[in-house]
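First up is the structure itself, then whatever we jot down about it.
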Amino acid sequence: MSRNRHGRRDSRHYFEWMEYASEDLDVAVRLAQDGICNNAAGFHCQQTIEKAIKAYLIFVSGQTVDGHNLSWLVRKACKFNSSFNRFISETAMLNRYYVECRYPSDNWETPDRAAIEHHLRVTKDLYEYVCSLIYDDDYDSDDFDDDD
C-alpha cells in the first residue's frame, strides 16, 4: 500500500525518513554496546532498515509506503534497483524484531551478542547502501563507524 501526500509527490520527504533511520541506528549501536538490551537493539535494527527502505522508496517513487515487513519492503525496492536482492534473506530474519522481541512469548529467545552484532552489520550495510543512493557524493560512511 502506498499513499501520496495530498495528491503530490513526497519530494524531499525522504531526508526526514533517513534522519529517523539514523537515530534508530545510533540507538541500536549504543544498546548493543551494553550487551544487556539485545531485544531492544534488534528492534532498533529492524526500525533502521524499515525507515531507510521507506526513504529509498519515497526517493525513487515519490510515494510513502505503509507496512513493516522488511522482506516485502526490500522486494518493492528491488523493483527499482535489483541490488537490494542481497538483503532479502537477512531482512527476513530481522522481521521478527518488529513484534516478537518486545512482548513476552514462548516462541522467542533473546538473541545473544553475536547475533546482535551480525544484525548490526547487516543494518549498517543496508543503511549505508541507501545513503549512497540518496545522498550520492555527499555521503561519508565514516560518519557511522563503531569508534564513535
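The values are calculated or read from the model by the stated rules, or taken from the named source; none is laboratory data. Bear in mind that the values here come from a model prediction, so they are computed numbers and not experimental data. Because the Cβ atoms are built from the backbone with ideal geometry, glycine has one as well, and the counts that use them run over all protein chains shown.
For segment 109-148, a residue qualifies if it is assigned to a loop (DSSP other than H, G, I, E, B) and at pLDDT 75 or above, and the qualifying residues are GLU109, THR110, PRO111, ASP112. Among the conditions (1) at pLDDT 90 or above; (2) of a type outside the set (Asp, Glu); (3) out of contact with any His (no Cβ under 8 Å at 6 or more places or on another chain), the only one that TYR103 does not satisfy is (1). Residues in segment 45-69 that are aliphatic (A, V, I, L, M) and closer than 19 Å to ASP26 by Cα: ILE49, ALA52, ILE53, ALA55.
Can you find a residue that is surrounded by 18 or more Cβ atoms within 10 Å (Cβ to Cβ) and of a type in the set (D, E, K, R) anywhere in segment 75-91? So far as segment 75-91 goes, yes, one or more of its residues are surrounded by 18 or more Cβ atoms within 10 Å (Cβ to Cβ) and of a type in the set (D, E, K, R).
Is it the case that some residue within segment 78-88 is assigned to a helix (DSSP H, G or I), farther than 17 Å from TYR127 by Cβ, among the basic types (Lys, Arg) and out of contact with any Gly (no Cβ under 7 Å at 6 or more places or on another chain)? Scanning segment 78-88, I find no residue that is assigned to a helix (DSSP H, G or I), farther than 17 Å from TYR127 by Cβ, among the basic types (Lys, Arg) and out of contact with any Gly (no Cβ under 7 Å at 6 or more places or on another chain), so the answer is no. So the check is Cβ under 6 Å with 6+ separation or different chains; which pairs have a first residue in segment 105-121 that's free of Cβ contacts under 8 Å to residues at least 24 places away in the same chain and a second one that's outside any loop (DSSP other than H, G, I, E, B) and of a type outside the set (D, E, K, R)? Hits for this filter: zero, empty list.
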